[in-house]
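The values are calculated or read from the model by the stated rules, or taken from the named source; none is laboratory data. For clarity, every value in this text was computed on a predicted model and none was experimentally measured. Quick reminder, even Gly has a Cβ in these numbers, built from the backbone with ideal geometry, and neighbours come from all protein chains shown. What goes into the accessible areas is simple: the full protein's heavy atoms, side chains included, and nothing from ligands, DNA or RNA. Shrake-Rupley method; radii C 1.70, N 1.55, O 1.52, S 1.80 Å.
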Amino acid sequence: LEGFYGRPIDEVFDDFERTPVASASVAQVHFARLPDGTEVAVKVLRPGIERVIEHDLALMEVAAILLEKIWPEGRRLKPREVVAEFSKYLHDELDLMREAANCSQLRRNFKDSSLLIVPEVYWDWCGSKVMVMERMAGVPISQTERLREAGVDMSKLARDGVTIFFTQVFRDGFFHADRHPGNIQVSLDPKTFGRYISLDFGIVGALTE
């Protein structure tokens, strides 16, 4: 792992778990503690990932140009525009300060919500390659049998999921746009039982009026 403020990242945090609890193409997440004992999740960009992405995007751009030239129907698919859109979102995901801001905005939008929990960001510990947030504990939304066994009302959960998304889109004009099962969990904590937990805010969408 790359250094953090000039120090190895696992020396900055207490009880830093080197084995990631979540791992994706751009970053990975580790559990740790702040010096005051607060349990946190530390998201870290993969070392050297920027070079890999720029190389792959350049190849995709060449492929898009060739597709338009070689295949008559290629232009209709607008491959270069597709690559440009992909590039924009990838570069957004490479800036974890942007993701931290997205997380904080969604948390403000759902302050005191009885439906959705969004982790708190610990800004003093964040940088462009490191994001530190409140540690969440929940069950992935895809583990339906486990949720049923725990007593979660699945019909209510379905209704709440629709309400949360429509609220983001139509009330706030700001929505979580990477809603796969790895990013959506359900709390089994008695204090917040049955509420959704939202994770990973690298991709969000915004709508004007």
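Rounded to the nearest 0.05, what FRET efficiency is calculated for Asp95 and Ala177 with R0 set to 22 Å and r the Cβ-Cβ distance?
Numbers: r = 16 Å, r/R0 = 0.73.
Efficiency, from the Cβ-Cβ distance: 0.85.
Between Lys191 and Lys156, what is the label-point separation in nm under the 7 Å Cα-to-beta-carbon projection?
Calculated label separation equals 1.9 nm.
Give me the distance in nm between label points sitting 7 Å out from Cα along the Cα-to-Cβ direction at Val82 and Glu61, one decimal.
1.8
On the Cα set of the stretch 59-103, report Rg and Dmax in Å, please.
Reported Rg and Dmax, both Å: 14.3, 43.
Got the relative contact order for the stretch 14-57 handy, in percent, Cα pairs under 8 Å and 6 or more residues apart? The partial results should precede the final answer.
Details: 58 pairs, mean separation 13.1, N = 44.
The value is 30 percent.
Using the scaling law 2.2 N^0.38 Å as the reference, what is the normalised Cα Rg of the stretch 79-197? Write out the running numbers ahead of the final one.
Values: Rg = 15.8 Å, N = 119, 2.2 N^0.38 = 13.5 Å.
Compared with the compact-globule rule of thumb, the stretch 79-197 sits at 1.17.
Report, ordered by chain and residue number, the lysines lying within cross-link reach of Lys78, taken as a straight Cα distance under 19 Å and ignoring same-chain residues fewer than 8 apart.
Lys69, Lys88
Can you compute log10 of I(q)/I(0) for the chain with the Debye formula, treating each Cα as one identical point scatterer, at q = 0.11 Å⁻¹?
Log10 I(q)/I(0), no solvent term: -0.63.
Fully extended, how many nm does the chain gain between Gln143 and Ala206 (0.36 nm per residue separation, minus their Cα-Cα distance)? Walk me through the numbers before you get to the answer.
Values: separation 63, 0.36 × 63 = 22.68 nm, distance 2.94 nm.
Extending this stretch completely gives an extra 19.7 nm.
Take the chain, mark every one of the chymotrypsin sites (Phe, Trp or Tyr not before Pro) that falls in a DSSP loop and has at most 15 other Cβ within 10 Å, then report the longest stretch left between them, sites excluded.
Working: sites that count: Tyr5, Phe193.
The longest uninterrupted stretch comes out as 6-192.
Rounded to the nearest angstrom and ordered from largest down, what semi-axes does the equivalent ellipsoid of the stretch 118-158 get from its C-alpha gyration tensor (root of 5λ)?
Values: eigenvalues 204, 18, 14 Å².
The equivalent ellipsoid of the stretch 118-158 has semi-axes of 32, 9, 8 Å.
I'd like to check one number: the per residue accessible area of the stretch 3-142, probe 1.4 Å, reported in Å² as a whole number. Before the final figure, lay out the partial values.
Numbers: 8070 Å² over 140 residues.
So the stretch 3-142 comes to 58 Å² accessible per residue, rounded to a whole number.
Just grab the label-to-label distance for Glu39 and Arg51, each label 7 Å out from Cα along the Cβ direction, in nm (one decimal).
Roughly 3.8 nm, to one decimal.
When only Cα pairs under 8 Å and 6 or more residues apart are kept, what is the percent relative contact order across the stretch 164-206? It would help to have the intermediate numbers written out before the result.
Details: 48 pairs, mean separation 18.2, N = 43.
Once normalised by length, the contact order is 42 percent.
If you roll a 1.4 angstrom probe over the protein chains with everything in place, what fraction of the accessible area of the chain belongs to carbon and sulfur, to the nearest %? It would help to have the intermediate numbers written out before the result.
On the way: 6530 of 12120 Å².
Carbon with sulfur: 54 percent of the solvent-accessible area.
If you put +1 on each Lys and Arg Cβ and -1 on each Asp and Glu Cβ, how big is the dipole of the stretch 46-160 around its Cα centre, in Debye rounded to 20?
Numbers: 18 positive and 20 negative charges, 44 e Å.
The calculated dipole for the stretch 46-160 is roughly 220 debye.
Of all DSSP beta bridges in the chain, what percent run antiparallel (nearest 5)?
Values: 26 of 28 bridges.
Taking every DSSP beta bridge with both residues in the chain, the antiparallel ones total about 95 percent.
I need to check one value: relative contact order of the chain, counting alpha carbon pairs closer than 8 Å and at least 6 residues apart, in percent. Let's see the in-between values first.
Numbers: 304 pairs, mean separation 35.7, N = 209.
It comes to 17 percent, rounded to a whole number.
Please report the accessible area of Lys129 (heavy atoms, 1.4 Å probe, ligands and nucleic acids excluded) in Å², nearest 10.
Looks like 80 Å² after rounding.
From the residues Ser23, Leu147, Cys103, which one has its Cα farthest along the dipole of the chain in the positive direction, the dipole being from +1 and -1 charges on Cβ of Lys/Arg and Asp/Glu about the Cα centre?
Leu147
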